[in-house]
Amino acid sequence: MTAGPATLVIFGASGDLAHRKLIPALYSLYVKQRLPQDLTIVGFAIDDFDDEGIRRSYREWIEAHGGGVDEQRWREFAGRIRYLRSGFEEDAGYGELKSILDQAGPGGCLCYLAVPPRFIVEVIRRLGESGITREDGGWRRVVVEKPFGHDLESARRLNRDIHAVLREDQIYRIDHYVAKETVQNLLVLRFANTIFEPLWNRNYVDHVQITLAEEVGVEHRGAFYDRVGVIRDIFQNHLMQLMAVVAMEPPAALEADALHNEKVKLLAAVRVMEPGEVERYALRGRYRGFREEPGVAPDSETATFAALKLYIDNWRWDGVPFYLRSGKKLARKVTEILVQFKRPPHLVFPGAGGFRARSNLLALCLQPDEGVHLRFEAKVPDTVAEMRPVDMEFRYAESFGESAIPDAYERLLLDAVAGDRSLFVRNDGIEIGWRLMDPVIEGFRLDAERRPCPVYEPGTWGPAEADELLGRDRRRWLYGCGERAGEACDTASHEAAAGQDQL
Ligand SMILES: NC(=O)c1ccc[n+]([C@@H]2O[C@H](COP(=O)([O-])OP(=O)(O)OC[C@H]3O[C@@H](n4cnc5c(N)ncnc54)[C@H](OP(=O)(O)O)[C@@H]3O)[C@@H](O)[C@H]2O)c1
């Protein structure tokens, strides 16, 4: 990193993301003394604020949402924030920003685009034209938020337009799931321990389930969500990235390009579904009441729930299904990755009668109860050979304290300022996500022409058809992090004929 002062420019400083995520993360970093000493924050937006006004607005937001501030600390932190009032299409605003940077002297500048997606190219183009992206006085980086395009074609176009101004290593595409502590811990779990990796393959793993469930509905974002739906909102980015981290090969080093290479290599091995196959390997659902949400079309066919079965065609994972599901208004907010191991081939215990041993389950809980649980069989005391599953548990809160897990935006902001792109997504990672999900979106569209979308009740685990997707393979959805081992019932037999189990 070039020495000298750093400036963080938040485009869209008066918006929701700036209030809800960016400023609270920056304040928290400031309190922990992790922000660079000389970091200045410039808010850029069209709203009628001045320096004091935007500082007050941020503080009020934090206090109204239960995050108190220390008077002295806040005053010091707020003193670093200034406001530049300008439209994204106004040259004068960029001219003014350039003078602020010139006055600050040689140093870095991170431009965070918390802007409506239609402005991404516009802002970057103007940053280029005004000379702000030139690196003669220090580094220049741009953070881009999701959504990154709405299909493969638009993502490629967006990458092309951005590359007309910036090198790839100046672009930081956010996927805040990748920056969650628990996802980073997955790398540590896999690659800093010897006991998991030998089992992490088709010889021992029966299948993998990844669930990203939300309890809330579309809230105030009905019109946006109706255009987007669950595949674009969650699967193309978060779930593809999580799957890549779970299944990729060990990177040569914990370094951005080495990590990205492995993730992209893994996603390139995921079998692409044909739209005509979607009925067999995917299903969609809509929560009751979605069409009545403000901003949603009364005849909307947008899916608020989806479940997919994917295969990875490589040596490690050949024939191992990855079941992915996500939806809104589900029973519980939870994000978890469950690795279901194969059952023991033969049970030797006398007196076990008709008892069938359960498989071991490794549950990686990303939220809300962050931790790792390993389920295995134990003998019930004072019985001949009765067995029951029990859990070996690691909980972040117990091991490292309640406040150990910072918000993902803290990590992302620090890394972007430090120039570490490991937790951001490279252009080919974005495009491959679309290559995999475009046929699913098209398949859902074709399906919608043939039959109505299955409707599920809010507070459930989605439409009944979601159970059939696994039921056909004689498996069932598991609830690793919320369901205690003792309550878990046996998983179905995994003797599904190989032919049945293949795409
Ligand atoms: N909010 C989240 O939690 C979240 C999560 C993930 C990704 N994102 C992404 O982050 C980006 C920003 O989201 P957001 O929720 O913060 O959106 P938002 O609340 O609509 O904020 C957009 C900001 O841009 C400003 N703006 C709009 N048009 C402008 C113009 N022509 N000139 C200057 N300023 C203008 C807005 O000012 P006004 O207030 O005057 O409109 C506001 O400050 C989007 O790409 C979104 O998809 C957001």
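Here the gap between Arg156 and Ala64, fully extended at 0.36 nm per residue and compared with their Cα-Cα distance, gives a gain of 29.1 nm.
To put it simply, the accessible area of the chain at a 1.4 Å probe is 51 percent carbon and sulfur. With respect to the chain, whose longest principal axis is taken over its alpha-carbon atoms, helix 181-191 is tilted by about 60°. Using a simple spin-label model with pseudo-atoms 7 Å out from Cα toward Cβ, Asp407 and Gln72 lie 2.5 nm apart.
Across the options Gly66, Pro117, Gly12, the greatest Cα extent toward the positive end of the charge dipole of region 6-145 (unit charges at beta carbon of Lys, Arg, Asp, Glu) belongs to Gly66. The Cα trace of region 169-213 gives Rg and Dmax of 14.1, 41 Å, the first to one decimal, the second as a whole number.
How long is the gain from Tyr204 to Glu442 if the chain were fully straight, where each residue apart is worth 0.36 nm and the alpha carbon distance is subtracted?
Computed gain between Tyr204 and Glu442 is 82.2 nm.
Holding the Cα-Cα limit at 31 Å, pick out from Lys21/Lys329; Lys328/Lys379; Lys180/Lys379; Lys98/Lys180; Lys265/Lys379 the pairs that are longer than that. Checking Cα-Cα distances, Lys328/Lys379; Lys180/Lys379; Lys98/Lys180; Lys265/Lys379 exceed 31 Å. Taken about its Cα centre, region 6-145 carries a charge dipole of roughly 500 debye when the Cβ of each Lys and Arg holds +1 and the Cβ of each Asp and Glu holds -1. Helix 120-129 and the long axis of the chain differ in direction by around 40°, with both axes built from C-alpha atoms.
What the Cβ-Cβ distance of Glu398 and Arg450 gives, at R0 = 56 Å and to the nearest 0.05, is a FRET efficiency of 0.65.
Could you work out [θ]222 nm for the chain from helices alone, using -39500 (n - 2.57) per DSSP H run of at least four and dividing by all its residues? Round to the nearest 500 deg cm²/dmol.
On the way: 15 runs with 159 residues, N = 503.
Computed ellipticity for the chain at 222 nm equals -9500 deg cm²/dmol.
Note on the chain: with charges restricted to the Cβ of Lys and Arg (+1) and Asp and Glu (-1), its dipole about the Cα centre is near 700 debye. Values of log10 I(q)/I(0) for region 181-487 across q = 0.08, 0.14, 0.16 Å⁻¹ run -0.38, -1.17, -1.46, by the Debye formula with one identical scatterer at each alpha carbon and no solvent. Fully extending the segment from Leu254 to Ala418, taken as 0.36 nm per residue of separation minus the present Cα-Cα distance, adds 57.5 nm. Normalised by 2.2 N^0.38 Å, where N is the number of residues, the C-alpha radius of gyration of region 356-420 stands at 1.72. For Ala303, the residues 5 or more places off, or on other chains, whose built amide H falls under 5 Å of its own are Val230.
The values are calculated or read from the model by the stated rules, or taken from the named source; none is laboratory data. None of the values given here were measured: they were computed from a predicted structure. So basically every Cβ, Gly included, is an ideal-geometry build from the backbone, and we count neighbours across all protein chains shown. Just so you know, the surface numbers come from the protein's heavy atoms only, side chains and all, with ligands and any DNA or RNA stripped out. Shrake-Rupley method; radii C 1.70, N 1.55, O 1.52, S 1.80 Å.
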